[in-house]
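What follows is a set of notes on a single structure, which appears directly below.
The values are calculated or read from the model by the stated rules, or taken from the named source; none is laboratory data. All of these numbers come straight from a predicted model, not from anything done at the bench. FYI the Cβ positions are ideal-geometry reconstructions off the backbone, even for glycines, and counts take in every protein chain you see. Ligands, DNA and RNA are excluded from the accessible area calculation, which covers all protein heavy atoms including side chains. Shrake-Rupley method; radii C 1.70, N 1.55, O 1.52, S 1.80 Å.
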Amino acid sequence: THHTPSPPTDTEAARLSAPPPVMDRATAGDCPDWLLPLFDVALGGQADAALARMRDRAPVFLRCHARRADRKALIAELAETGIESRPHPLASHSLELSGTTRRLKQTAAFREGRVEVQDAASQAVVEAFAAHLPPGARVLDYCAGGGGKALALAALGFSVSAHDIELKRMRDLPNRAARSGDPIPLIERPAGAWPCVLADAPCSGSGSWRRAPDAKWNLTPDRLKELQRTQDAILDACNDLVAPGGMMAYATCSLLSEENASRITAFLSRHQNWQEVARHFWTPLDGGDGFFLSLLRKTV
């Protein structure tokens, strides 16, 4: 009885020895055909390299608590538990983990809220926003979700409140905030005039598709247009919540101009009393996820 495959036939051997077939760019980049032109517009000559990077597994990053943890000391502390880490240049409190991370939640640093899992580019978004805010400012995180950016802002000493249209998305935030020692009230219906608002809007997630590779294949042109309408509605809602002279940060974890620069252009055309004061764009080639950030000031 034979327990191994038969030797390849001449035809099979010829196919195996032939050069691999030449793939078109979309296939080589594991990118839906209709999205490739959008990546070209957004990333230009970096599109292929960014798509290739997103075929790899995403790194795991930690955020060291800005007021309760020293990054250098944490590296040594984590190493004692078998967790290797190193600073990452995207954010001043970020650590990139290497090797096993399975014991992270059992470490004293995690249990005591001195570290949180958060992508380095997400941390960079918070730091770029914070650089434009007065110390201790009141901030509304309008699309808080799990609360990663709200926690990062609170760790920097800001007075943060969190809102999300789906309250269940924030269900873990109170416990995380208690662990970090930074209370973050949850607001179901925000009102009034806020000096600072963060709108981390729902999006295609195209900057983080290596964490959810199926998302790129589930996205359709109609869904992208629906997301753009939602983003516009969020920007308009935040317009009503920001006090004159206040700041708004619009962020997405998308690489697509349709969800980023185009939304800011449309918003500024609808609301003449706003001025964009800074814009940032990170791609997976920078090491973390892809993120877009526009910082706007309400003039009157």
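Find all pairs meeting these conditions: Cβ atoms under 9 angstrom apart; at least six residues apart or on different chains; first residue within the range 116-142 and basic (Lys, Arg); second residue modelled with pLDDT of 95 or more and open to solvent by 10 Å² or more (accessible area, probe 1.4 Å).
Arg138/Phe158; Arg138/Ser159; Arg138/Ser161; Arg138/Trp194; Arg138/Pro195
Could you list, in sequence order, all residues of the range 111-123 that are open to solvent by less than 30 Å² (accessible area, probe 1.4 Å) and among the hydrophobic types (A, V, I, L, M, F, W, C)? Spell out the reasoning first.
So in the range 111-123, the residues open to solvent by less than 30 Å² (accessible area, probe 1.4 Å) come out as 113, 115-116, 118-123.
Scanning the range 111-123 gives Val115, Ala120, Ala121.
For the structure I just gave you, tell me whether Gly99 is over 19 Å from the mean Cα position of the chain (by Cα), under 22 Å from Gly287 (Cβ atoms), open to solvent by 10 Å² or more (accessible area, probe 1.4 Å) and of a type outside the set (Asp, Glu). Steps first, answer last, please.
Numbers: over 19 Å from the mean Cα position of the chain (by Cα): yes; under 22 Å from Gly287 (Cβ atoms): yes; open to solvent by 10 Å² or more (accessible area, probe 1.4 Å): yes; of a type outside the set (Asp, Glu): yes.
Criteria met by Gly99.
Conditions (1) out of contact with any Cys (no Cβ under 7 Å at 6 or more places or on another chain); (2) open to solvent by 10 Å² or more (accessible area, probe 1.4 Å), marked per residue:
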{"residue": "Val197", "(1), (2)": "no, no"}
{"residue": "Ser204", "(1), (2)": "yes, yes"}
{"residue": "Ala215", "(1), (2)": "yes, yes"}
{"residue": "Lys225", "(1), (2)": "yes, yes"}
{"residue": "Arg229", "(1), (2)": "yes, yes"}
{"residue": "Thr252", "(1), (2)": "no, no"}
{"residue": "Leu256", "(1), (2)": "yes, no"}
{"residue": "Gln275", "(1), (2)": "yes, yes"}
{"residue": "Pro284", "(1), (2)": "yes, no"}
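Would you point out the residue of the range 52-89, among those that are aliphatic (A, V, I, L, M) and under 23 Å from Ser206 (Cβ atoms), that is farthest from the chain's Cα centre (by Cα)? Walk me through it before giving the result.
The first filter runs over the range 52-89 and keeps only residues aliphatic (A, V, I, L, M), leaving 52, 54, 58, 60, 62, 66, 69, 73-76, 78-79, 83.
Of the ones still in play, those that are also under 23 Å from Ser206 (Cβ atoms) are 52, 54, 58, 60.
On the way: Ala52: 18, Met54: 14, Ala58: 12, Val60: 13 Å.
Ranking the candidates gives Ala52 first.
Within the range 147-180, track down each residue that is in a loop (DSSP other than H, G, I, E, B) and among the aliphatic types (A, V, I, L, M).
To start, the set of residues in the range 147-180 that are in a loop (DSSP other than H, G, I, E, B) comprises 147, 156-158, 163-166, 171-172.
Answer for the range 147-180, where residues must be in a loop (DSSP other than H, G, I, E, B) and among the aliphatic types (A, V, I, L, M): Leu156, Ile165.
What helices (runs of 4 or more DSSP H) completely inside the range 1-112 contain at least 3 residues that are farther than 20 Å from Cys253 by Cα? Spell out how you get there, then give the answer.
On the way: elements: 10-17, 25-28, 36-43, 47-53, 71-80, 108-111.
Helices (runs of 4 or more DSSP H) meeting the threshold: 10-17, 25-28, 71-80, 108-111.
Check Arg25, Arg86, Arg55, Arg15 and return the single one that is touching an Asp or Glu at 6+ places or on another chain (Cβ under 9 Å), basic (Lys, Arg), farther than 25 Å from His280 by Cα and open to solvent by 30 Å² or more (accessible area, probe 1.4 Å).
Details: Arg86 fails: farther than 25 Å from His280 by Cα; Arg55 fails: farther than 25 Å from His280 by Cα; Arg15 fails: touching an Asp or Glu at 6+ places or on another chain (Cβ under 9 Å).
Only one candidate qualifies: Arg25.
Does Ala191 meet the test of being over 30 Å from Asp33 (Cα atoms), surrounded by fewer than 23 Cβ atoms within 10 Å (Cβ to Cβ) and either touching a Phe, Trp or Tyr at 6+ places or on another chain (Cβ under 8 Å) or not acidic (Asp, Glu) (or both)? Can you show your working first?
Details: over 30 Å from Asp33 (Cα atoms): yes; surrounded by fewer than 23 Cβ atoms within 10 Å (Cβ to Cβ): yes; either touching a Phe, Trp or Tyr at 6+ places or on another chain (Cβ under 8 Å) or not acidic (Asp, Glu) (or both): yes.
The answer is yes for Ala191.
Is there any pair linking a residue in the range 277-296 that is touching a residue at least 40 places away in the same chain (Cβ under 8 Å) to one that is in a strand (DSSP E or B) and β-branched (Val, Ile, Thr), with Cβ under 6 Å and at least six apart or on different chains, and which?
Once the first residue is touching a residue at least 40 places away in the same chain (Cβ under 8 Å) and sits in the range 277-296, its partners that are in a strand (DSSP E or B) and β-branched (Val, Ile, Thr) give Phe292/Thr252; Leu295/Val277.
Does at least one position in the range 206-223 carry a residue that is at positive phi and within 20 Å of the chain's Cα centre (by Cα)?
Going residue by residue through the range 206-223, those that are at positive phi are none.
No, the range 206-223 contains no residue that is at positive phi and within 20 Å of the chain's Cα centre (by Cα).
Please go through the range 234-250 and give me each residue that is buried (at least 24 other Cβ atoms within 10 Å of the Cβ) and over 24 Å from Ala215 (Cβ atoms), ordered by number.
Passing the criteria: Cys238, Met248.
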